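The values are calculated or read from the model by the stated rules, or taken from the named source; none is laboratory data. Computed from a prediction, not measured in an experiment: that's the story for all the values here. Positions of Cβ are backbone-derived with ideal geometry, glycine not excepted, and every protein chain shown enters the neighbour counts. These area figures cover heavy atoms from the full protein model, side chains too; ligands, DNA and RNA do not enter into them. Shrake-Rupley method; radii C 1.70, N 1.55, O 1.52, S 1.80 Å.
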Amino acid sequence: MQPFVTLTSVAAPLAIANINTDDIFPAPATSPIKLGRAGASRDELGKNAFAVWRWNADETPRPEFVLNQPPFDQAAILVTLDNFGCGSSREMAVWTLLGTGIRCIIAPSFGDIFYGNCCKNGLLPVRLGGEDVAALLALVDVPGGALVTVDLTAQQVTGPDDSVHRFEIEPYHRTMLLAGLDEIAATLQRADAIEHFEQDYDRRRPWVAASGPPT
Amino acid sequence: MPRTLQQMIWDDHVIDTYPDGTCLLAVDRQMIYEGTSFQAFEALKISKRPVRRPAATLATPDHMVPTHDRSPQAMRSGSRHLVEALDRNCRDHGIFHIPLEDRRQGIVHVVGPEQGFTLPGLVLVCADSHTSTHGAFGALAFGIGTTELEHVLATQTLTQRPSRSMRVTVDGPLAPGVFAKDLALAMIAEIGASGGNGHAIEFAGSAIDALSMEGRMTLCNMAVEAGSRSGLVAPDETTFAYLDGRPFAPVGTAWDQAVAYWRTLRTEDGATFDAEHRLDGTALGPQVTWGTSPEHTVGVDRAVPDPDDAPDAQTADAWRRALEYMDLRPGTAMADVAVDRVFIGTCTNGRLEDIRAAAAVVRGRRIAPGVHAMVTPGSGLVREAAEREGLDVVLRDAGFEWRLPGCSMCFGGAYDSVGDGQRCASTSNRNFENRQGRGARTHLMSPAMAAAAAVTGRITDVRELG
Ligand code: SF4
């Protein structure tokens, strides 16, 4: 996973609440962007981001969509409203955002599964209060765009007007993102604790191991 | 301190707690399907990591399978590739797999409970948001991403923080013609599509006690549409009776031990929840969505709301956008809205009880001219059971298509979608923009209500059909 430390970029405004993962990564029959092959790798998915809003059926760009407008087409930060990433658990939603160059999303709240998926892929989800987000939206939604800086070490967002907005993030996620940590490797170092737990659990709840599908 | 059901199951699975409260949590079991698992297996292969406990997994293909025809030539290459990858990955790792040709194949959230794979007290995950369904058994069940699935397959654990707790108490009984789906929609309207974010919802009260396991699954399935990763119902005699004798359920002494433990899985007296809601189920009528979020729900006897009446500017914006997408005007009676398509099925409402409810409405009737209607059973065993009762004949005689099991038209998958600008009465769980196809307009409702819409060609209060 690519570490996230600090980032300065044009921020794209997307002032819609409850954007769900079907919006972010539309399903095959819906999306104008057909995958090159079924099971395309994570890096091949950039064009699929917001595909229904972003492309016509013939894959030509829809100029009214913000990510098709310079300089927002270069944005690495997205500022949006409540409950971003609700709905389906599809991690393609995170991969497609990364694929199109988004590394940080600022919103008042996120869908729970999407939030976790972001943290495990080096895409920083920043929760700010509704008023802070509204202020940022107004500042970045200008012709020519405006720069926003996100600093994960200091846990703060600096707006185009030099306003500073502090954000909270779980220390576990922060450490993982800053280091670009391979979480599975870290967990596997606790193999003894897992083993010990499982032996005890099998004694306490013997019917679990004794049932289930045939092996 | 008295604990909630969710806390009891959580505590039972904590291996380690990190300084910030994040836990290393043991996962008992996981389900996988073709759509979100292949990248996890690919990543395991690259890192040369084995699957830690193959026996903890149940696999079946559901999302990208054709439901109109199972002959090999009906399969498109994209979905065939995914189904074959699932076959191969299960074979390579010794994972139990119900393949496409198997009579038990179906939607994972229907198959897991049906096979007795889902049990009370378990931590159970799947890379699908509707894993909340399994909480109907008093399991702590939640959807995860593909990277998390890789973590589970490699370590049989997850790193997680406990959700906050919410209880939704529903007084009953529900009136005739009112089902768990109506309750789910009313619940989401009440707490909002993000009202459950960060929470696990426990459902309690006399209306919940009286629900069948099917009804409880419908309700917990929709918990995620209120933003909650998990729904929970404390296990009781209804739960044990459902599980007794299922193929993968414990037997003999193991069953007795299990039931003795399961009886202790109840929120303790005096436990406090971070949030509480109460609904009067006795006053509830059939519900239907008008917009593009499940929270856009009204009683079927009501009208499309006016954005000018919205509680705040952001909601008014969202309502305007939804009305434009849905091509509806404020003040239009829901019962005047005509439909083109009717879709009965999915992990929300694709079980035997749902198909019975639909068949009861259409028995002796014909679907309205110009309406295309189909029923997609949630699993092969649901389909067989419905056919044993002759429900397929009732539905076919009325003009419904009788499909093979899978997710089908629930989302714009590989084979079925609602056309651009078409309106669909659907028993699925998401009325999002473009969810059932590009430009598709979805109205969520119960199977009985969807059947009534098929018969009249418009959204209809099923109680009026008698
Ligand atoms: S039926 Fe629909 S909601 Fe359920 S698992 Fe399939 S696609 Fe997802």
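General remarks:
- Qualifying positions in segment A:99-121 - part of a helix (DSSP H, G or I), without any contact (Cβ under 8 Å) to a residue 40 or more places away in the chain and of a type outside the set (Gly, Ala, Ser): A:ASP112, A:ILE113, A:TYR115, A:ASN117, A:CYS118
- Residue list for segment B:46-63, filter: in contact with a helix residue (DSSP H, G or I) (Cβ under 9 Å, 6 or more places away or on another chain) and more than 18 Å from B:ALA127 (Cα to Cα): B:SER47, B:ARG49, B:PRO50
- Scanning segment B:411-425 for residues that are within 14 Å of chain A (Cβ to nearest Cβ), open to solvent by less than 10 Å² (accessible area, probe 1.4 Å) and either within 12 Å of the ligand (Cβ to nearest atom) or farther than 20 Å from A:LYS34 by Cβ (or both) yields B:GLY412, B:GLY413, B:CYS424.
- Residue match in segment A:89-98 (condition: touching a His at 6+ places or on another chain (Cβ under 9 Å), of a type in the set (S, T, N, Q), in contact (Cβ under 8 Å) with a residue 24 or more places away in the chain and open to solvent by less than 30 Å² (accessible area, probe 1.4 Å)): yes
- Wholly within segment B:179-296, helices (runs of 4 or more DSSP H) carrying at least 2 residues that are open to solvent by less than 10 Å² (accessible area, probe 1.4 Å) and either polar (S, T, N, Q) or farther than 30 Å from B:ARG441 by Cβ (or both): B:206-209, B:213-223, B:237-243, B:252-262
- Residues that are hydrophobic (A, V, I, L, M, F, W, C), part of a loop (DSSP other than H, G, I, E, B) and open to solvent by less than 40 Å² (accessible area, probe 1.4 Å) within segment A:56-88 comprise A:PHE65, A:ALA75, A:ALA76, A:LEU81, listed in sequence order.
- Any hit, segment B:155-172, residues being farther than 27 Å from B:ARG383 by Cβ, within 13 Å of chain A (Cβ to nearest Cβ), part of a loop (DSSP other than H, G, I, E, B) and within 16 Å of the ligand (Cβ to nearest atom): no
- Residue within segment B:385-408 that is open to solvent by less than 20 Å² (accessible area, probe 1.4 Å) and closer than 19 Å to A:VAL52 by Cβ present: no
- Long-range neighbours under 9 Å by Cβ, at least six apart or interchain, first residue more than 7 Å from chain A (Cβ to nearest Cβ) and more than 13 Å from the ligand (Cβ to nearest atom) within segment B:124-148, second among the acidic types (Asp, Glu) and part of a strand (DSSP E or B): B:GLY135/B:GLU202
- Evaluation of B:PHE41 against the conditions (1) under 30 Å from A:GLU170 (Cβ atoms); (2) in contact with a Phe, Trp or Tyr (Cβ under 9 Å, 6 or more places away or on another chain); (3) among the hydrophobic types (A, V, I, L, M, F, W, C) shows that the sole unmet condition is (2).
- Note on segment B:356-382: among residues that are free of Cβ contacts under 8 Å to residues at least 60 places away in the same chain and within 23 Å of B:PRO113 (Cα to Cα), the one that is most open to solvent (accessible area, probe 1.4 Å) is B:ARG356.
- Residue in segment A:130-138 that is within 14 Å of another protein chain (Cβ to nearest Cβ) and under 10 Å from the mean Cα position of the chain (by Cα) present: no
- Residue check, B:ARG52 within 11 Å of another protein chain (Cβ to nearest Cβ), among the basic types (Lys, Arg) and away from the ligand (no atom under 16 Å from the Cβ): yes
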